[in-house]
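Here the structure comes first, spelled out in structure tokens, and everything after it is commentary.
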Amino acid sequence: AKGEGRKRFHIYEPSVKYDHVVKYSHELELASAIERCELELWYQPVYNTFQSKIVGAEALLRWNHARQGLLSPGDFIPVAEETGLIGPIGDWVLRRASADWHLLRETFGGDFKVSVNISRVQLHEPGFVERLLAIVRQERVPSGCIVLEITESTFIHDVDSFSQLLKQLRGEGFTIALDDFGTGYSSLSMLTLLPIDTLKIDRSFVHHMNPPLLFAILAMARALNLHVIAEGVEELEQFKKLVEMDCPGVQGYWISRPLKLEQLLQGINGIQGT
Ligand code: C2E
Ligand code: CA
Ligand code: CA
Ligand code: CA
């Protein structure tokens with residue numbers, strides 16, 4: 001047993017070291033990724049089942065790494081959050097999305113909404129609201145056309161201070177969406193405390209299609225006057241069920257995968273439902 005333990009240690013150690021190296025080099029490279037124009041925003045359309053059209057898009061960050069190719073947010077957002085780089089990166093995302101909104105509205109109409117993901121770490125930064133406002137004003141985007149997506153788990157430990165912040169943001173006209181709803185083990189009473197506009201039902205609920213549960217979430221959202229978007233809709237069957245249940249918003253591979261801006265602007269005929 002003693003030998004086994006030692007053996008396991010030796011197998012484990014190199015991978016730990018390797019992770020550190022990868023993380024450290026990501027940290028160094030991420031710091032200059034903005035100047036080197038290696039960050040990209042991809043857009044996934046948001047479809048409205050009542051209006052039968054694309055009404056918005058969620059901006060999803062990609063890092064086009066010189067050697068490793070296209071990296072997903074899961075590969076580098078945690079590093080950005082640990083190092084404070086999430087501040088400048090988040091600002092870049094907001095500025096890029098605001099600039100792109102002008103092109104998107106030409107194709108999809110003036111009430112088109114662009115969603116950006118906001119990390120819990122960003123919300124904690126002093127001056128976050130002021131910087132956010134400065135960016136959308138400089139880029140001349142009405143705040144009503146920007147959706148701020150905040151993951152449900154953000155609020156578990158600190159509903160009070162975050163709800164103050166959200167009230168302020170809503171007062172400025174932004175739309176607030178609670179992301180990954182259903183995964184954060186939050187209490188339902190939290191929903192009545194948080195000033196939010198939209199629930200984004202996590203894709204796990206769509207995948208393990210459980211009609212009574214989805215139906216209950218939709219009924220609750222209606223009672224609380226919340227808009228709903230179901231995430232991760234990959235199949236026609238899932239889409240049909242959600243339409244049957246009067247789910248107003250749908251997002252997922254079945255509508256469209258995340259696209260580059262040019263693809264979204266050009267390829268709208270290929271997107272389901274358009
Ligand atoms: P999220 O906000 O829940 O975004 C949805 C994720 O699900 C995206 O992954 C998207 O590509 C993926 N997805 C969309 N439709 C489907 C589907 O039908 N099936 C499946 N299996 N997946 C689908 P992605 O782009 O890898 O982003 C992962 C997470 O990274 C996002 O989850 C979000 O929390 C975070 N993220 C993305 N962009 C940003 C950003 O600019 N800033 C911050 N702070 N976080 C970001
Ligand atoms: Ca999101
Ligand atoms: Ca989500
Ligand atoms: Ca997520």
| Restricting the first residue to region 32-44 and requiring it to be within 29 Å of V233 (Cα to Cα), which pairs with a second residue that is assigned to a helix (DSSP H, G or I) and open to solvent by 50 Å² or more (accessible area, probe 1.4 Å) meet a Cβ separation below 8 Å and a spacing of at least six or different chains? | L39/W92; L39/R96; L41/R96
| request: Take T151 and decide whether it is out of contact with any Gly (no Cβ under 8 Å at 6 or more places or on another chain), open to solvent by 30 Å² or more (accessible area, probe 1.4 Å) and of a type in the set (S, T, Y). | output: no
| query | Any residue in region 169-185 that is assigned to a helix (DSSP H, G or I), of a type in the set (V, I, T) and surrounded by fewer than 17 Cβ atoms within 10 Å (Cβ to Cβ)? | reply | no
| field | Scan of region 92-111 for residues that are touching a Phe, Trp or Tyr at 6+ places or on another chain (Cβ under 8 Å) and either open to solvent by less than 40 Å² (accessible area, probe 1.4 Å) or within 22 Å of V129 (Cβ to Cβ) (or both), ordered by number | value | D100, W101, L104
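Within 16 Å of ligand 4 (Cβ to nearest atom), within 20 Å of E58 (Cβ to Cβ) and in contact with an Asp or Glu (Cβ under 8 Å, 6 or more places away or on another chain): does that describe E149? Steps first, answer last, please.
Details: within 16 Å of ligand 4 (Cβ to nearest atom): yes; within 20 Å of E58 (Cβ to Cβ): yes; in contact with an Asp or Glu (Cβ under 8 Å, 6 or more places away or on another chain): yes.
Judged against the criteria, E149 is a match.
The values are calculated or read from the model by the stated rules, or taken from the named source; none is laboratory data. As the structure is a computational prediction, the values presented were derived from the model and not from experiment. Note that each Cβ is placed from the backbone with ideal geometry, even for glycine, and that neighbours are counted across all protein chains shown. These area figures cover heavy atoms from the full protein model, side chains too; ligands, DNA and RNA do not enter into them. Shrake-Rupley method; radii C 1.70, N 1.55, O 1.52, S 1.80 Å.
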